[in-house]
Amino acid sequence: MTKTLLAEFTAREGAEDEVARLIRDYALKVREEEGNLAFDVYTKAAAPRAYWIFEVYRDEDAFEAHLEAPYGAPFNAALTPLIEEDASVLTFLDPLATQR
């Protein structure tokens, strides 16, 4: 079963360009992971400092491998002082079961 989540955070005023640079570089690395199926970065149209990142991994093992990637901790360390939240807010998603 795939592992799907939404990561959310808001760039601090004045940090928008640095956050955009960090997330673009990070996205390139994550998309190269063997078990990554999607890593789509969005900003809210009405609030462009607010980021939504839709992530899909092949399975739990692929997600765990993502968490252990050597570039994850440096990315989070660089991002944390640039966002309003203490860290990215993660929401894990399950597909809606269809009824027939």
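In segment 1-83, what GluC sites (Glu not before Pro) fall in a loop by DSSP, with at most 12 other Cβ atoms inside 10 Å? Let's see the in-between values first.
Details: sites: Glu8, Glu13, Glu16, Glu18, Glu32, Glu33, Glu34, Glu55, Glu60, Glu64, Glu68; in loops: Glu13, Glu32, Glu33, Glu34, Glu68.
Taking segment 1-83 and a limit of 12 other Cβ atoms within 10 Å, the loop GluC sites (Glu not before Pro) found are Glu13, Glu32, Glu34, Glu68.
How would Asp17, Asp40 rank on accessible area, largest to smallest, probe 1.4 Å? Present the calculation step by step, with values, prior to reporting the outcome.
On the way: Asp17 130, Asp40 60 Å².
So, going from the largest accessible area down, we get Asp17, Asp40.
For the chain, what is one quarter of the convex hull surface built on the Cα atoms, given in nm²?
7.4 nm²
Run the accessible area of the chain with a 1.4 Å probe and give the carbon-and-sulfur part as a rounded percent.
54 percent
Which value in deg cm²/dmol, rounded to the nearest 500, describes the helix-derived mean residue ellipticity at 222 nm for the chain, given -39,500 (n - 2.57) per DSSP H run of n ≥ 4 and division by the residue count?
Calculated mean residue ellipticity at 222 nm is -9500 deg cm²/dmol.
Any idea of the accessible area per residue across segment 54-100, 1.4 Å probe, to the nearest Å²?
I get 72 Å² per residue for this part.
The values are calculated or read from the model by the stated rules, or taken from the named source; none is laboratory data. Treat the numbers as computed from the prediction; the structure is a model and nothing was measured. All Cβ positions, even for glycine, are placed from backbone atoms using ideal geometry, and neighbour counts span all protein chains on display. Just the protein is used for accessible areas: all its heavy atoms, side chains included, with ligands, DNA and RNA removed. Shrake-Rupley method; radii C 1.70, N 1.55, O 1.52, S 1.80 Å.
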